Amino acid sequence: MARRGLLGGLLTVTTAAAAVAGVCYLFKEEIKGTKTYKDLDEKYDVDNKIKEYSNKAKTTAYDLKDKAKVAAKDLKAKGEEWKASNDDTIFEDDEIIIDGGASESRDYVSIKSDDISENISEVAEDLKESASDKVEEIKDTVADKAEDAKEEVADKVEETKEAVADKVDDIKDSISDKAEDIKDIADNIADNIEMD
């Protein structure tokens, strides 16, 4: 039942992503050392893009955090002003300024919970899509690496079998040659005994 719900599905995806990320973290040096990873990194510049997008996200988050703090301070100050005032016209010229400065460059913010919840849901959806894309990429990479490793092991086993078979044939030939030499020596000894 839990899998069919939104939270169950999100939990399943999150758990799978965490498991794949954990495996990748454990083997990150081995993964980075592979030829496939190096080729992909040269082609798509993955490491730099991840760092770039991470820095952009951090910068945006800090900017939004600072703007929210300023807006909260403005709201608190307005609230105190509204409490202290007995005037009914106090709300007529009310505004919340996010970026302090000249009146020409003021940003007006309307406080609507619907906008905030929509923004949060959009960001959550984007993060979910990005995470699922990354999980798929990692799954594909891990599957490719596993297949390559499997093929390499099979090749090594085949080479070892062939090498052992060659050694066994060499030993058989050597034993056969030695047996013929011993037989020839025995025949020579038998001929020498008969001559005497």
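The values are calculated or read from the model by the stated rules, or taken from the named source; none is laboratory data. This is a predicted model, so every value here is computed, not measured. Cβ: placed from backbone, ideal geometry, glycine included. Neighbour counts: every protein chain shown. When the accessible area is computed, the model is the full protein with side chains, heavy atoms only, and any ligands, DNA or RNA have been set aside. Shrake-Rupley method; radii C 1.70, N 1.55, O 1.52, S 1.80 Å.
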Checklist entry - Taking the stated definitions as given, is ASP74 at pLDDT below 90, more than 20 Å from VAL135 (Cβ to Cβ), out of contact with any helix residue (DSSP H, G or I) (no Cβ under 7 Å at 6 or more places or on another chain) and not polar (S, T, N, Q)? => result yes
Checklist entry - Looking at this structure, is ILE175 over 27 Å from LYS38 (Cβ atoms), exposed (fewer than 10 other Cβ atoms within 10 Å of the Cβ) and not small (Gly, Ala, Ser)? => result no
Next on the checklist: When you check LYS35 against the structure, is it modelled with pLDDT of 85 or more and exposed (fewer than 10 other Cβ atoms within 10 Å of the Cβ), yes or no?
Outcome noted: yes
Checklist entry - Can you name every residue in region 1-14 that is touching a helix residue (DSSP H, G or I) at 6+ places or on another chain (Cβ under 9 Å) and part of a helix (DSSP H, G or I)? => result LEU10, VAL13, THR14
Next on the checklist: I need every pair where a residue in region 143-167 that is in a helix (DSSP H, G or I) has its Cβ under 9 Å from the Cβ of a residue that is of a type outside the set (Gly, Ala, Ser) and open to solvent by less than 80 Å² (accessible area, probe 1.4 Å), sequence separation at least 6 or different chains.
Outcome noted: ASP144/THR36; LYS145/ILE31; LYS145/THR34; LYS145/THR36; LYS145/TYR37; ASP148/THR34; ASP148/THR36
Checklist outcome for this item: The lone condition GLU80 fails out of (1) in contact with a helix residue (DSSP H, G or I) (Cβ under 8 Å, 6 or more places away or on another chain); (2) at pLDDT below 85; (3) more than 21 Å from ALA131 (Cα to Cα); (4) not aliphatic (A, V, I, L, M) is (1)
Item to check | Test: ILE138 is within 16 Å of the chain's Cα centre (by Cα) and either at negative phi or surrounded by 10 or more Cβ atoms within 10 Å (Cβ to Cβ) (or both) | outcome: yes
Checklist entry - Could you count how many residues in region 34-70 are touching a residue at least 40 places away in the same chain (Cβ under 8 Å) and farther than 22 Å from LYS139 by Cα? => result 0
Checklist outcome for this item: Filtering region 41-61 down to residues that are exposed (fewer than 11 other Cβ atoms within 10 Å of the Cβ), at pLDDT below 90 and over 18 Å from SER130 (Cα atoms) yields GLU42, LYS43
